[in-house]
Amino acid sequence: MFSRAVRPTVGLARSLSTSSQNHAKVAVLGASGGIGQPLSLLLKNSPLVSQLSLYDIAHTPGVAADLSHIETRAQVSGYIGPDQLGAALKGCEVVVIPAGVPRKPGMTRDDLFNTNATIVANLADACARNCPEAMICIIANPVNSTIPITSEVMKKHGVYNPNRVFGVTTLDIVRANTFVAELKGLDPARVNVPVIGGHAGKTIIPLISQCTPKVEFPSDQLTALTERIQEAGTEVVKAKAGAGSATLSMAYAGARFTFSVLDAMNGKEGVVECAFVRSEETECKYFSTPLLLGKNGIEKNLGLGKLSAFEEKLVADAMGELKASIKKGEDFVAKMK
């Protein structure tokens with residue numbers, strides 16, 4: 001089931017799996033929500049996790065009790081409310097944050113900003129105080145702003161490490177792989193499309209020209225495919241007709257990214273995932289590109305690679321929105337008391 005959870009593209013022949021030696025403590029902040037519950041289930045099912053710490057503002061003891069009956073080795077504990085947040089984070093090596101409100105029909109990711117910005121800032125503050133060296137994986141939208149928020153909060157505490165703070169954009173890659181496979185009649189488990197840029201609308205830039213295996217589309221089909229990948233979240237929001245946004249596919253993508261981080265921490269070589277991180281690759285302070293992961297987080301930023309003319313224009317068109325979202329996140333923290 002998880003054979004494609006890690007999609008290494010570098011040094012596959014040298015891959016070294018040491019998952020049996022792992023004793024990772026992983027926290028899920030927002031564990032009772034639409035993403036948090038299936039994400040916690042996937043993490044509980046993995047041999048990479050030995051302790052699973054679940055936190056939310058409601059229902060967490062029930063979620064933890066439910067998961068604790070599953071016959072896998074991860075020990076599950078549930079924490080509820082701000083008073084227990086510190087205890088939930090103590091000793092955690094990886095923290096995954098799907099907390100926040102979901103997008104509803106007609107809402108943009110920007111509409112989510114005020115509520116989710118406050119939630120993420122408070123959770124990042126708790127991480128800085130209780131597990132400053134943990135890998136922080138942010139799912140809460142808008143990721144283009146919540147990653148700058150997390151980074152600025154960590155800086156305020158003097159514990160910011162840009163190699164350990166990730167905006168989880170994996171769902172964009174999962175969708176791109178699926179849609180390309182559907183169009184070409186391929187096994188989606190064997191398709192890998194890097195997706196760079198950000199994690200909203202036109203900032204999502206699928207690099208179809210760098211797809212493995214190599215695929216080609218006529219320009220009109222390429223444009224339609226790119227737009228579908230960019231607006232796939234809205235596709236789910238509309239299909240759910242007011243009942244929420246992407247939860248199950250996001251939980252899968254979040255688990256895939258977490259497993260990649262854990263594998264790399266364990267010494268597995270050649271683990272590559274795209275994520276929205278502090279970057280020098282473009283004129284934006286933060287940008288998603290393929291990253292080689294290692295024991296201490298980002299080992300090497302693999303950059304944009306060779307872009308087609310179509311992709312170069314997508315990057316240029318995304319810059320304004322991306323810079324504005326990043327500044328919005330930074331300004332939010334600067335104004336915090």
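Summary table
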read-out	value
All positions within the range 111-125 that are touching a strand residue (DSSP E or B) at 6+ places or on another chain (Cβ under 9 Å) and open to solvent by 10 Å² or more (accessible area, probe 1.4 Å)	Ile119, Leu123
Residues (at pLDDT 95 or above, polar (S, T, N, Q) and assigned to a helix (DSSP H, G or I)) located in the range 214-259	Ser219, Gln221, Thr223, Thr226, Gln230, Ser249, Thr258
Test: Gln221 is closer than 23 Å to Gly305 by Cα and crowded, with 16+ Cβ neighbours inside 10 Å	no
Residues being acidic (Asp, Glu) and farther than 24 Å from Ala239 by Cβ - total across the range 83-142	4
Boolean, Gly36 is under 30 Å from Glu231 (Cβ atoms) and open to solvent by less than 10 Å² (accessible area, probe 1.4 Å)	yes
Yes/no for Ser3 being touching a helix residue (DSSP H, G or I) at 6+ places or on another chain (Cβ under 9 Å), modelled with pLDDT of 95 or more and surrounded by fewer than 18 Cβ atoms within 10 Å (Cβ to Cβ)	no
Selection from the range 292-320 of residues that are touching a Gly at 6+ places or on another chain (Cβ under 8 Å) and crowded, with 18+ Cβ neighbours inside 10 Å	Leu292, Leu314, Val315, Ala318
One residue from Ser53, Ser77 being assigned to a strand (DSSP E or B), over 21 Å from the mean Cα position of the chain (by Cα) and under 29 Å from Asn296 (Cβ atoms)	Ser77
Selection count, the range 260-291, where residues are part of a helix (DSSP H, G or I) and open to solvent by less than 10 Å² (accessible area, probe 1.4 Å)	4
Failed condition for Val195, given (1) open to solvent by less than 50 Å² (accessible area, probe 1.4 Å); (2) without any contact (Cβ under 8 Å) to a residue 12 or more places away in the chain	(2)
One residue from Gln75, Gln84 being polar (S, T, N, Q) and within 19 Å of Leu42 (Cβ to Cβ)	Gln75
Complete set of residues in the range 180-199 that are over 16 Å from Phe310 (Cβ atoms) and of a type in the set (A, V, I, L, M, F, W, C)	Ala181, Leu183, Leu186, Ala189, Val191
The range 80-95, residues that are without any contact (Cβ under 8 Å) to a residue 60 or more places away in the chain and in a strand (DSSP E or B)	Ile80
Inter-residue pairs, beta-carbon under 9 Å, first assigned by the TED database to the domain that holds Lys214 and in the range 303-321, second in a loop (DSSP other than H, G, I, E, B) and open to solvent by 70 Å² or more (accessible area, probe 1.4 Å), 6+ apart	Gly303/Glu281; Leu304/Glu281; Met319/Glu283
The one condition in (1) open to solvent by less than 30 Å² (accessible area, probe 1.4 Å); (2) out of contact with any helix residue (DSSP H, G or I) (no Cβ under 9 Å at 6 or more places or on another chain) that Ser245 fails to fulfil	(2)
Those residues of the range 90-122 which are within 17 Å of Phe166 (Cβ to Cβ) and in contact with a Lys or Arg (Cβ under 6 Å, 6 or more places away or on another chain), in sequence order	Cys92, Glu93
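Okay, residues lined up against (1) within 23 Å of Ala246 (Cα to Cα); (2) open to solvent by 40 Å² or more (accessible area, probe 1.4 Å); (3) among the polar types (S, T, N, Q); (4) in contact (Cβ under 8 Å) with a residue 60 or more places away in the chain:
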site: Pro132; (1), (2), (3), (4): no, yes, no, no
site: Met135; (1), (2), (3), (4): no, no, no, yes
site: Ile139; (1), (2), (3), (4): yes, no, no, yes
site: Asn144; (1), (2), (3), (4): yes, no, yes, yes
site: Ile147; (1), (2), (3), (4): yes, no, no, yes
site: His157; (1), (2), (3), (4): no, yes, no, no
site: Ile173; (1), (2), (3), (4): yes, no, no, yes
site: Asn177; (1), (2), (3), (4): yes, no, yes, no
site: Ala189; (1), (2), (3), (4): yes, yes, no, yes
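The values are calculated or read from the model by the stated rules, or taken from the named source; none is laboratory data. As the structure is a prediction and not an experimental result, all values here were calculated from the model. Methodologically, a virtual Cβ is constructed for each residue, glycine included, from the backbone with ideal geometry; neighbour enumeration extends over all protein chains shown. We work out accessible area using only protein heavy atoms, side chains counted, and drop any ligands, DNA or RNA first. Shrake-Rupley method; radii C 1.70, N 1.55, O 1.52, S 1.80 Å.
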